[in-house]
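Following: one structure in structure tokens, then a few remarks.
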Amino acid sequence: GQEAEEIVERAFELDDFASRQVMVPRVEMIGMPVDASLEEVLAVGAEHHHTRLPVYHEDLDDIVGIVHLMDVVRACQTGCSGELRQLMRPALTVPEMITADKLLGRMRAERAQMAILVDEYGGTAGLVTIHDLVERLVGPLLDVQEVPQDSIEITPEGDALIGGLALVHDINERFGLHIEGGDEFDTLGGFVQARLGRMPLPGDEVRLDGYVFRVESLDGKRIERVRLTKSRLEAGPRGD
């Protein structure tokens, strides 16, 4: 249909512009020094609603990795004692003049959600997220669901607020869970509703793998947001 044609047209337009046209410029980038504490990383991620942050050595011109907030949340479940450098992942760095189609190809090949654009002097020009690239390509067609992993927001308390349409497969991968739905459901909202066995209400809770899934809000009859919290019983010290 027309929507498919529009996507194809936009895909051809991708090689017409440089990636820097969708980048977050260096002056607007939020990053963490490599010696920051894990509590500081959580606080900054929550304040700015970011699921990933660049990690730098001296300053933003010396980016040494990317930290995923979910990795920090996981580490902090046993007390935030680890070091940021142990949790960060390699950063994908590319020249700032790279065209958007080439960058999208690189990011897909390396399964990177974020790329650092480097200027001709070796300094950091800015960063690009795959979300921004895809949004440029697909435009508002994604608005209904967004990219599932970007509908995960970390609160200052270390809980996760997750969109009801986030895919169970992604949630399992990111939180180390074992939600099994077979053909019954694909989304987190579908899992919660199946567990409840009835229409959901705000405040409803289900438990799995030491986590509590709490219905935060509904959109009509659909679960819109779920709060994922480590069960208080599980979080305390356990004597074996």
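None of the figures in this text is laboratory data; all of them are computed from the coordinates on show. Remember, predicted model here, so these are calculated numbers, not experimental data.
Based on the reciprocal of the average 1/r between different C-alpha atoms, the Kirkwood radius for segment 2-141 equals 15.9 Å. Amide H contacts of Tyr211: Ser231, each under 5 Å away and 5 or more positions distant or on a separate chain (H built 1.01 Å from N in the peptide plane; Pro and chain starts excluded).
Antiparallel beta bridges, as assigned by DSSP with both residues in segment 2-141, represent about 70 percent of the total such bridges. Database remark: amide H of Arg89 closer than 5 angstrom to the amide H of Ile66, Val67, His68 (H placed geometrically; neighbours at sequence offset of 5 or more, or on other chains; Pro and chain starts carry no H). Pair-distance distribution P(r) for segment 159-235, from all Cα-Cα distances in 10 Å bins starting at 0: 20, 59, 20, 0 percent.
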